[in-house]
Amino acid sequence: MTADLISRARAGDGEAFRALTEPHRRELQVHCYRMLGSVQDAEDALQDTLVAAWQGLGGFGERASVRTWLYRIATNKCLNALRTVRRRPAKAWDIPGVEPPEPTRTGEAVWLGPFPDALMDGAFDVPVGPEARYEQTESISLAFVAALQVLPPRQLAVLILRDVLGFSANEVADMLDTTLPSVNSALARARSGLDRRRAQLRQESSPAAGSPQEDAVVARFVRAYERADLDALVELFTDDMFLSMPPMPLEYEGREVVVQFFGLLLDAGRQYSLVPTRANGQPAFGAYVRRPDGTRHATGLFALTLAGDRICAMTRFETGVFAWMGLPLSLPGE
């Protein structure tokens, strides 16, 4: 069946080409996102991959599977993008009337964006290789993807192909046109670099998506935020609560300073409505602020990382991500 599709696609049959590539489209998009940290950049890389595959099908030697061949193309398109793409610059604080507290530190991956759960359907249906070290759900979490972004491009590619997807070292060497010792050396350095950021990878104790435990924490958060109940938020945050807000580089670690930050927002006389969605396998919310005429306008997207029955991290994104999340930029008045 695959041989017939390849033959027809080589003859110019677009439907045959789509039949060959469509089963891998979602997982390739997730792969590009892990490498680039931005859903828009990932979509661009995916489109470039499909164009290159269509144009290069005549040179496909069938020594590897179609899936492996597509990963080879996608990985190299992402590496090219990392060498040439201009990353979004850091943005200054721009909420009028609110002066943020001094940040704990400044973030490096200010281009990081959320990946909608709606785009993950079918992405994890193909079993990973036996050498994979990370669960697929963990490897799409915001903390994990943010940690990946600080790795050098070659190390980033090797770690994802080996430890997330489970390709063999020989397969990775072939994909990257390099040697086996080079792959092993890059993997060792990548693992060392990722291990130094282990404190950010807090998915181990997260409740299952859609579970009663997750629903209970989410409901408490929505109730507290919409009521501007700072005391209720304090009860939800862990002691090491972490807040980031790309493309602003400000990062806050520790419940006290995070509460101070939210105290400024909620004391500003604003009234918020939260609309639920999901990003990176995590609960997320479009936040809308009420205007004097009663209409509600988008002000940001919050993605939560849970630890048991509490919140251990939160990432705030700007309204430019709303279209990807299927959220409107305004809501009618209530």
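Checked against the criteria, Thr178 does not count as over 22 Å from Ser65 (Cβ atoms) and either buried (at least 17 other Cβ atoms within 10 Å of the Cβ) or of a type outside the set (Gly, Ala, Ser) (or both).
Checking segment 166-185 against the condition returns no match, with no residue being of a type in the set (Val, Ile, Thr), part of a helix (DSSP H, G or I) and under 29 Å from Trp324 (Cβ atoms).
Among the residues of segment 279-310, what is the count of those that are over 20 Å from Phe115 (Cβ atoms) and touching a strand residue (DSSP E or B) at 6+ places or on another chain (Cβ under 9 Å)?
Quick first cut of segment 279-310, residues over 20 Å from Phe115 (Cβ atoms) only: 288-297, 299, 307-310.
Filter once more, keeping what is touching a strand residue (DSSP E or B) at 6+ places or on another chain (Cβ under 9 Å): 288-291, 295-297, 299, 307-308, 310.
Residues meeting the conditions: 11.
For first residues located in segment 250-263 and closer than 16 Å to Ala232 by Cα, partners that are of a type outside the set (A, V, I, L, M) and in a helix (DSSP H, G or I) and lie 6+ apart or on another chain with Cβ distances below 9 Å form the pairs Phe262/Tyr225.
For the condition of a type in the set (A, V, I, L, M, F, W, C), in a loop (DSSP other than H, G, I, E, B), within 16 Å of Gln29 (Cα to Cα) and in contact (Cβ under 8 Å) with a residue 12 or more places away in the chain, what is the one hit in Ala123, Ala132, Ala92, Ala109?
Values: Ala132 fails: within 16 Å of Gln29 (Cα to Cα); Ala92 fails: within 16 Å of Gln29 (Cα to Cα); Ala109 fails: within 16 Å of Gln29 (Cα to Cα).
Criteria check complete, one pass: Ala123.
Just checking, does segment 186-193 include any residue being over 23 Å from Phe124 (Cα atoms), outside the structural domain of Cys32 (by TED's automatic domain parsing), of a type outside the set (Ser, Thr, Tyr) and crowded, with 19+ Cβ neighbours inside 10 Å? The answer is yes; a qualifying residue exists. Determine whether Phe237 is in contact with a Phe, Trp or Tyr (Cβ under 8 Å, 6 or more places away or on another chain) and among the aromatic types (Phe, Trp, Tyr). Considered against the rule, which asks whether it is in contact with a Phe, Trp or Tyr (Cβ under 8 Å, 6 or more places away or on another chain) and among the aromatic types (Phe, Trp, Tyr), Phe237 comes out as no. Those helices (runs of 4 or more DSSP H) of segment 1-87 in which at least 1 residues are in contact (Cβ under 8 Å) with a residue 24 or more places away in the chain and touching an Asp or Glu at 6+ places or on another chain (Cβ under 9 Å), considering only elements entirely within it, cover 2-10, 25-36, 66-84.
Condition (residue is farther than 23 Å from Ala143 by Cβ, touching a Leu at 6+ places or on another chain (Cβ under 9 Å) and not small (Gly, Ala, Ser)) applied to segment 297-315: is it met by at least one residue? Full working, then the answer.
Just the residues of segment 297-315 that are farther than 23 Å from Ala143 by Cβ, to begin with: 297-299.
Checking the rest, the ones that are also touching a Leu at 6+ places or on another chain (Cβ under 9 Å) come to 297-298.
Within this subset, residues satisfying the condition of being not small (Gly, Ala, Ser) are 297.
There is at least one residue in segment 297-315 that is farther than 23 Å from Ala143 by Cβ, touching a Leu at 6+ places or on another chain (Cβ under 9 Å) and not small (Gly, Ala, Ser).
Put simply, of Asp177, Asp163, Asp121 the only residue that is at positive phi and of a type outside the set (Gly, Ala, Ser) is Asp177.
Within the option set Gln213, Gln260, Gln271, being within 21 Å of Leu329 (Cα to Cα) and more than 22 Å from the chain's Cα centre (by Cα) holds for one residue only, Gln271.
Exactly one of these conditions fails for Ala323: (1) part of a strand (DSSP E or B); (2) aliphatic (A, V, I, L, M); (3) under 23 Å from Ala146 (Cα atoms). Give me its number. Unmet condition: (1).
For every residue, the table says whether it meets (1) in contact with a His (Cβ under 6 Å, 6 or more places away or on another chain); (2) part of a loop (DSSP other than H, G, I, E, B); (3) not aliphatic (A, V, I, L, M).
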residue: Ala224; (1), (2), (3): no, no, no
residue: Glu235; (1), (2), (3): no, no, yes
residue: Leu243; (1), (2), (3): no, no, no
residue: Glu251; (1), (2), (3): no, no, yes
residue: Phe261; (1), (2), (3): no, no, yes
residue: Gly269; (1), (2), (3): no, yes, yes
residue: Ala284; (1), (2), (3): no, no, no
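Can you tell me which residue in segment 208-250 is nearest to Leu274 (Cα to Cα), limited to those that are among the charged types (D, E, K, R) and surrounded by 18 or more Cβ atoms within 10 Å (Cβ to Cβ)? Across segment 208-250, the extreme among qualifying residues is Arg220. If a residue must be surrounded by fewer than 20 Cβ atoms within 10 Å (Cβ to Cβ) and farther than 24 Å from Pro276 by Cα, how many such residues does segment 111-161 contain? Selection size over segment 111-161: 14.
Does Leu301 satisfy the condition of being within 19 Å of Val145 (Cβ to Cβ), among the aliphatic types (A, V, I, L, M) and either touching a Cys at 6+ places or on another chain (Cβ under 6 Å) or at pLDDT 95 or above (or both)? Considered against the rule, which asks whether it is within 19 Å of Val145 (Cβ to Cβ), among the aliphatic types (A, V, I, L, M) and either touching a Cys at 6+ places or on another chain (Cβ under 6 Å) or at pLDDT 95 or above (or both), Leu301 comes out as yes.
What tally of residues in segment 82-97 results from selecting those that are among the aliphatic types (A, V, I, L, M), under 21 Å from Gly320 (Cα atoms) and surrounded by 10 or more Cβ atoms within 10 Å (Cβ to Cβ)? Summing the residues that are among the aliphatic types (A, V, I, L, M), under 21 Å from Gly320 (Cα atoms) and surrounded by 10 or more Cβ atoms within 10 Å (Cβ to Cβ) in segment 82-97 gives 3.
Just one of the numbered conditions (1) part of a helix (DSSP H, G or I); (2) touching a residue at least 12 places away in the same chain (Cβ under 8 Å) is not true of Leu151: (1). Taken over segment 121-142, the criterion of being farther than 21 Å from Thr305 by Cα and in contact with a Pro (Cβ under 9 Å, 6 or more places away or on another chain) is satisfied by Gly122, Asp125, Val126.
The values are calculated or read from the model by the stated rules, or taken from the named source; none is laboratory data. Owing to the predicted nature of the structure, the values given are computational and were not obtained by experimental measurement. No Cβ is skipped: glycine too gets one built from the backbone with ideal geometry, and neighbour counts run over all protein chains shown.
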